[in-house]
Amino acid sequence: MAQQQPRWHTQATGIERGGADTVDMKLEVVVLPVADVDRSKTFYKALGWREDTDIAAGDGFRAVQLTPPGSGCSVIFGSGVTSAAPGSTQGLYLVVNDIDAARSELIDRGVDVSEVFHDAGEALPQAGTEGRRVPGPAPDRKSYFSFASFSDPDGNGWLLQEVTTRLPGR
């Protein structure tokens, strides 16, 4: 007898699937909209990110892919890569095990990084909720709840998130 998928699965996808097996799906690349490809490449390489590729083709197409240290996911940007407005991507998370060390390293690399903060409601920060930010790390340094933020030269917004103990199943 096939195991029934949770109700949210069918509602969210419209697809009913029998059995408990699922196909692994790994987030590989996030597209960033930028105005100046070389400026962005310089910025992200200065963070210590590995350059995976920089390819150009006819008609002004260029794609640059870089990967943060220890990450299985990369960013890609360039000319002809996306029609999104430069700087319009917000809420990109970089998970770190020591937010103070990560923040210090970024500052040493010339990045303007916010002070460490946590959310007044102990929730994950959402766009437009800067007023709920409380200075300092989360009480008891609770994993997942301490943050610092920075932006790239175009205004694409990043959050450092301190995770010292993973949630079950992660």
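Read-outs: derived from the displayed coordinates by stated rules, not from any lab. All values derive from a computational prediction rather than experimental measurement. FYI the Cβ positions are ideal-geometry reconstructions off the backbone, even for glycines, and counts take in every protein chain you see.
Would you point out the residue of region 130-159, among those that are of a type in the set (Gly, Ala, Ser) and touching a residue at least 40 places away in the same chain (Cβ under 8 Å), that is farthest from Ser88 (Cα to Cα)?
Residues of region 130-159 of a type in the set (Gly, Ala, Ser): 131, 136, 138, 143, 146, 148-149, 151, 155, 157.
If we keep only those that are touching a residue at least 40 places away in the same chain (Cβ under 8 Å) as well, we get 146, 148, 151, 155, 157.
On the way: Ser146: 24, Ala148: 19, Ser151: 11, Gly155: 7, Gly157: 8 Å.
Checked region 130-159; the qualifying residue farthest from Ser88 (Cα to Cα) is Ser146.
Of everything in region 61-91 that's surrounded by fewer than 16 Cβ atoms within 10 Å (Cβ to Cβ) and hydrophobic (A, V, I, L, M, F, W, C), which residue is nearest to Leu47 (Cα to Cα)?
Cys73
Of all residues in region 145-170 being over 12 Å from the mean Cα position of the chain (by Cα) and among the polar types (S, T, N, Q), which is nearest to Ser104 (Cα to Cα)?
Across region 145-170, the extreme among qualifying residues is Ser146.
Which pairs turn up if I take residues in region 32-60 that are without any contact (Cβ under 8 Å) to a residue 12 or more places away in the chain and look for partners that are surrounded by 12 or more Cβ atoms within 10 Å (Cβ to Cβ) and among the hydrophobic types (A, V, I, L, M, F, W, C) with beta carbon separation below 7 Å, at least 6 apart in sequence or on another chain?
Ile55/Ala63
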